[in-house]
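Written out below as structure tokens is the structure these notes cover.
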Amino acid sequence: MSLAEEEYFVLNVPNKVIELPKSNWSKLDDPSGYAKNYGEKAKSEWHEFNRVVTVFLTPMSIDRRVGLKISEYEYLDFLVVHPGLVTVQTRMDKGKYWVLCRETFKPKKTVGIDISKYKPYLSNEEIKIVWSAYVEEIDETRKILNLEF
């Protein structure tokens, strides 16, 4: 076994080799053959659960380009899956493959919206409020998806 195999999860995607440090990431179950799942081992102060990233081994289809478009290749979804917590899904189109990050945050006092019950969609006004409350955490995720995936 090579040193790279011992220290990294290695994933070959079109035009790139992704190497995730085993010290930072865990390999999660892959229920399908077209996607690979990884969980970040550490979580920030505001994360309720560890960040989960799915690498889809196919190009991003139009139906996956949903939510708030923040750049030519990035989309954000904001929802309440677990009452009292805010979930953000970040989708990033990488051309011949794409990544989805799911992260769930503890409430901040500045959230200012009702997150006490399940909400599969937030209004545009609620999205602006949540995005501004968690902008640093979302930017950190975008950085990770750009540099590591």
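Quick note: the coordinates plus some simple rules give every number you see, no bench work behind them. Computed from a predicted structure; not experimentally measured. Cβ: placed from backbone, ideal geometry, glycine included. Neighbour counts: every protein chain shown.
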Listed by chain and number, the residues whose amide H is under 5 Å from that of Leu122, excluding neighbours fewer than 5 places away on the same chain and using placed H, are Phe78
Pseudo-spin-label distance Ser116 to Arg65, built 7 Å along Cα→Cβ, given in nm, is 4.0 nm
With the contact rule set at Cα under 8 Å and sequence spacing of 6 or more, what percent relative contact order holds for the stretch 3-148? 18 percent
I need the shape label for the stretch 1-80. Rule: rounded when a/c is under 1.5, else prolate if a/b > b/c, else oblate, with a, b, c from the alpha carbon gyration tensor. oblate
Could you compute the FRET efficiency for Glu48 and Asn15, with r as their C-beta to C-beta distance and R0 at 30 Å, rounded to 0.05? 0.30
I'd like the orientation of helix 135-148 relative to the chain: the angle between its Cα long axis and the longest Cα principal axis, in ° from 0 to 90, rounded to 10. 10 degrees
Whole-Hz Karplus ³J(HN,Hα) for the stretch 55-69, in order, using 6.51 cos²θ - 1.76 cosθ + 1.60 and θ = phi - 60°, x for Gly and Pro? 9, 8, 8, 10, x, 6, 7, 4, 5, 8, 8, 10, x, 7, 7
What are the semi-axes of the equivalent ellipsoid of the stretch 3-148, taken as the square roots of 5 times the eigenvalues of the Cα gyration tensor, listed largest first and rounded to whole Å? 27, 18, 13
Note down the nm distance, to one decimal, between modelled labels 7 Å out along Cα→Cβ at Lys22 and at Glu6. 0.9 nm
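How would you rank Lys119, Lys69, going from fewest to most other Cβ atoms within 10 Å of each one's own Cβ?
Least crowded to most crowded, the residues run Lys69, Lys119.
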Calculate the FRET efficiency for Ser123 and Lys143 from the Cβ-Cβ distance with a Förster distance of 25 Å, rounded to the nearest 0.05. 0.35
Within the chain: Cβ-based charge dipole about Cα centre, in debye rounded to nearest 20 (Lys, Arg +1; Asp, Glu -1): 260 debye
Qualifying GluC sites (Glu not before Pro) for the stretch 11-68 [loop in DSSP, other Cβ within 10 Å: at most 14]: Glu45
Between Val135, Val52, Val80, find the one with the highest GNM mean-square fluctuation for the chain; connect C-alpha pairs within less than 10 Å. Val135
Please give me, ordered by residue number, the GluC sites (Glu not before Pro) of the stretch 58-142 that lie in loop per DSSP and have at most 13 other Cβ atoms within 10 Å. Glu72
Amide H of Trp98 versus every other amide H placed in the peptide plane: which residues, excluding those fewer than 5 positions away on the same chain, fall under 5 Å? Phe56, Thr58
Have a look at Asn37, Asn50, Asn24 and tell me which one the Gaussian network model of the chain (Cα, springs below 10 Å) gives the largest fluctuation. Asn24
Residues with amide H under 5 Å of Ile70's amide H, sequence separation 5 or more or different chain, H placed in the peptide plane at 1.01 Å from N; which? Tyr75, Leu76
I'd like to know which of Ser44, Trp131, Pro14 lies farthest towards the positive end of the charge dipole of the chain, counting +1 on Cβ of Lys and Arg and -1 on Cβ of Asp and Glu. Trp131
Only sites in a loop by DSSP and with at most 14 other Cβ atoms within 10 Å count here; which trypsin sites (Lys or Arg not before Pro) in the stretch 88-149 make the cut? Lys96, Lys108, Lys109, Lys117
